[in-house]
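Comments concern the structure below.
The values are calculated or read from the model by the stated rules, or taken from the named source; none is laboratory data. Since we're looking at a predicted model, the values are computed, not measured. Note: ideal-geometry Cβ built from the backbone for every residue, glycine included; neighbour counts use all protein chains shown. In case anyone asks, the SASA skips ligands and DNA or RNA and just uses the protein heavy atoms, side chains included. Shrake-Rupley method; radii C 1.70, N 1.55, O 1.52, S 1.80 Å.
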Amino acid sequence: MNRNNVKQGIQLFLFFAKIGCFTFGGGWSILAQMEQEFVDKRKMITKEELLDIVSVGKSVPGIMITNISMIFGYQVAGWFGGLCSLFGIASPAVVILAAVTLCYQAVRDNQWVQYALTGIRCAVAPIIISAVISLGRAGLKDAFCVAVCLATFVLCSFLGFSNIGAVLTGLAVALIRMEVKKHGAH
């Protein structure tokens with residue numbers, strides 16, 4: 001492990017710890033922050049690479065955002081960067097949950113807490129929508145991709161098709177399309 005990976009790992013820990021403190025809305029809201037920081041601002045990865053990381057992170061067992069953080073950190077700074085990103089994103093949640101657990105009975109029915117949570121939910125929705133629009137533009141490159149996306153949306157949202165089935169079907173469709181294009185080019 002070189003000094004650069006250690007330095008990047010520490011920077012990743014600090015970044016993910018910072019956004020881990022504000023993960024209201026779940027992993028999707030964090031993706032918008034990752035896109036802004038690492039795609040737009042630092043230019044460390046492209047939108048397509050972030051989408052690839054999200055695809056893999058969402059497809060494997062576990063908590064989506066910890067998976068994505070680990071994969072992203074590994075891509076940027078090796079295994080040390082992966083672990084730093086993972087611990088950075090998870091540490092605030094563990095600390096906050098421990099504190100909330102200790103005083104849960106006192107805040108559970110508190111009207112001020114309920115108002116605060118309502119305000120947070122209202123602020124998180126546009127953040128998530130922004131990430132979906134931005135990453136959707138990068139991932140939906142042609143009519144075929146849009147058609148697969150819409151078909152998957154209908155299958156999952158209205159017909160009860162499982163997310164796992166959707167991912168595996170998407171993988172199969174992409175592989176078949178790749179083979180068709182490969183044989184069509186010869």
### Message
What does the C-alpha gyration tensor say about the overall shape of the range 128-186? Classify as rounded when a/c is under 1.5, otherwise prolate if a/b is larger than b/c, or oblate.
### Response
oblate
### Query
If you take the charge dipole of the chain about its Cα centre, with +1 on Lys and Arg Cβ and -1 on Asp and Glu Cβ, which of Val180, Cys149, Thr101 is farthest toward its positive end?
Val180
### Query
So what is the 222 nm mean residue ellipticity for the chain from helices alone, if each DSSP H run of at least 4 adds -39500 (n - 2.57) and you divide by all residues, rounding to the nearest 500 deg cm²/dmol?
-27500 deg cm²/dmol
### Task
Answer with a single label: of (1) 18.6; (2) 21.7; (3) 17.9, which was calculated as Kirkwood radius over Cα pairs in Å from the structure in view?
(1)
### Query
For Gln111 and Ser91, what does the FRET efficiency come to when R0 = 25 Å and r is the distance between their Cβ atoms, rounded to the nearest 0.05?
0.25
#### Entry: Note, ³J(HN,Hα) from phi for the range 33-46, Karplus 6.51, -1.76, 1.60, rounded to Hz, x at Gly and Pro
5, 5, 4, 4, 6, 9, 9, 6, 7, 8, 6, 7, 9, 9
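Express the carbon and sulfur contribution to the solvent-accessible surface of the range 99-158 as a percent, rounded to the nearest whole number, probe 1.4 angstrom.
73
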### Task
Identify, among Ile68, Gly119, Asn163, the residue whose Cα sits farthest towards the positive end of the charge dipole of the range 47-186, taking +1 on the Cβ of Lys and Arg and -1 on the Cβ of Asp and Glu, with the dipole about the Cα centre.
Asn163
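Quick check: from the Cα gyration tensor, does the range 7-89 come out rounded (a/c under 1.5), prolate or oblate? List each step's numbers first, then the result.
Details: a/c = 1.12, a/b = 1.09, b/c = 1.03.
Rounded shape, in that the Cα axes give a/c under 1.5.
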### Summary
Sorted by chain and then number, the residues having a modelled amide H within less than 5 Å of the amide H of Phe161, at least 5 places away or on another chain, are Cys156
### Task
First check a/c for the range 64-143, with a ≥ b ≥ c the square roots of the eigenvalues of its C-alpha gyration tensor; if it is under 1.5, answer rounded, and if not, answer prolate when a/b is larger than b/c or oblate otherwise.
oblate
### Task
Hey, can you find the accessible area per residue of the range 1-158 for me, probe 1.4 Å, expressed in square angstrom?
61
